[in-house]
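Please read the structure below before turning to the comments.
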Amino acid sequence: MISLLAKIFIKDSKDYENQTVRQKYGILCGAFGIFLNIILFLLKIIFGTIAASVAMVADAFNNLSDAGSSLIQLLGFKLSAKKPDTEHPFGHGRLEYISGLIISFLVLLMGFELLKESINAIRNPSPVEGGLFPVIVMVFAILIKLYMYIYNHSISKKINSVAMEATAKDSLADMISNVIVIISIVSSRFTSLPVDGIGGIIVAVLIMKTGYESAVETIEPLLGAAPSCDFVHAIEKETMDHAPICGVHDIVVHDYGPGRLMVSLHAEVPGNMDVFEMHDVIDNAEADIAKKFNCHVVIHSDPVDLSNERLIELKKTVKEEIAAISSELMFHDVRMVPGITHPNLIFDVVKPFDFKMSDEELKNKICGAIKEKYNDVNCVITIDAPYVSK
């Protein structure tokens, strides 16, 4: 159904990188989610009331909450597509992440309310009128939620949307909760235990678990999560494809919402290269990276001395000594500045956040190892934090 509606209402519906197409998918899926959840709410509230099932009535209001979540998803996509302005020069793309976070909080709130109702149902049990029609309604709800999970999950991957993935996970949790409601309705006919309330508690816990996991996933890009290794390596490869660039480091990625990535990096180029030629290479690299990865990119050029034999020898030593300390360490930007009494060997070392040594301990260990081999060399080391996720 969603595929058919997309073909009808979304021009170039397969162009998932297009921001207008992304927005229309978000609005379409949000509107369709509101429609389906309201139908489920009406069916469950009617038959849940007839059956006097606390779990089923509570699940009906969960669907009403889901309709609200779909509305927030719709508004999130609509508002995040607003163009940059004076107060928000990088656009409003993070509103999509915020909408996903609000959806997660609503899921948590609904789970908490359901937990309270279920505990009350155990304390003050009432008979549940199990019958065929409530079970049929719940089976129908499972099928609808399965469909909602499939289309939200599938499209979230295509358009890279954390808000839509949060909605998909909520639908998956709803499927499980519906199964538990069916079990509680059927079981109530064969036992005097408050299975309805017990089922409601299980449903509540599952709902809150889903809300928590979705909240964590949507908070990460808002806090500034590190880019993935695959993305950084792809940027490195594309940059290195532009000869005579001979090294890449200090890649920084700022995520201002899907399709609004800001990338900066340092590219090493031969120091004897003509400045105008170097500028042309950097310009071409920026343009190609921006086009391929749909981002804004700025490249800083670092001239390196490729003909200094002693520097080449020292760089090899630096590599060996750092590798001897730990394979987790990396280094870059090695250069040598002559001095009256001694040359300064300057370079950066990238240390993982959970590395055991302090910055000073690491500097002293590396400097000491190099000093043993080259007594006249003074090391000047800067410790960098990693810029990529594991």
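The values are calculated or read from the model by the stated rules, or taken from the named source; none is laboratory data. Note that the structure is a prediction, hence the values are computed from the model and not measured. All Cβ positions, glycine included, derive from the backbone under ideal geometry; neighbour counts span all protein chains shown. Please note that ligands, DNA and RNA were not included when accessible areas were found on the heavy atoms of the full protein model with its side chains. Shrake-Rupley method; radii C 1.70, N 1.55, O 1.52, S 1.80 Å.
Summary of computed values
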{"quantity": "Per-pair calculated FRET efficiency, R0 = 30 Å: Val205 and Phe133 via Cβ, rounded to 0.05", "calculated": "0.65"}
{"quantity": "Cα-based reach from Lys365 at 28 Å (exclusive), listing lysines while leaving out same-chain residues under 8 positions away", "calculated": "Lys315, Lys316, Lys319, Lys351, Lys356, Lys373, Lys390"}
{"quantity": "Prolate/oblate/rounded call for region 1-112, Cα gyration tensor, a/c under 1.5 rounded", "calculated": "oblate"}
{"quantity": "Anisotropy class of region 211-279 from Cα gyration tensor, a/c 1.5 cut", "calculated": "prolate"}
{"quantity": "R0 of 56 Å, Cβ-Cβ distance Asn375-His88: FRET efficiency to nearest 0.05", "calculated": "0.50"}
{"quantity": "Under-5 Å amide H pairs with Gly247, H placed in peptide plane, nonlocal only", "calculated": "Glu268"}
{"quantity": "Accessible area expressed per residue, the chain, with surrounding protein chains retained (probe 1.4 Å, Å²)", "calculated": "51"}
{"quantity": "For region 217-232, Karplus couplings with θ = phi - 60° (6.51, -1.76, 1.60), whole Hz, Gly/Pro x", "calculated": "5, 7, 6, 3, x, 5, 7, x, 5, 5, x, 6, 4, 4, 5, 5"}
{"quantity": "Between helix 132-159 and the chain: long-axis angle, C-alpha atoms, 0 to 90°, nearest 10", "calculated": "20"}
{"quantity": "Inter-site label distance for Ile219 and His300 at 7 Å from Cα along Cβ, in nm", "calculated": "3.2"}
{"quantity": "Pairs of lysines in region 1-154 (C-alpha under 29 Å apart; 8 or more residues apart or interchain)", "calculated": "23"}
{"quantity": "Point-to-point label distance, Met357-Thr341, nm (Cα→Cβ direction, 7 Å offset)", "calculated": "2.5"}
{"quantity": "Portion, in percent, of the accessible area of the chain that falls on carbon or sulfur, probe 1.4 Å", "calculated": "63"}
{"quantity": "Any cysteine of the chain lacking a neighbouring Cys Cβ under 4.7 Å - listed by number", "calculated": "Cys29, Cys229, Cys246, Cys295"}
{"quantity": "Equivalent ellipsoid semi-axes - Cα gyration tensor, the chain, angstrom", "calculated": "57, 26, 14"}
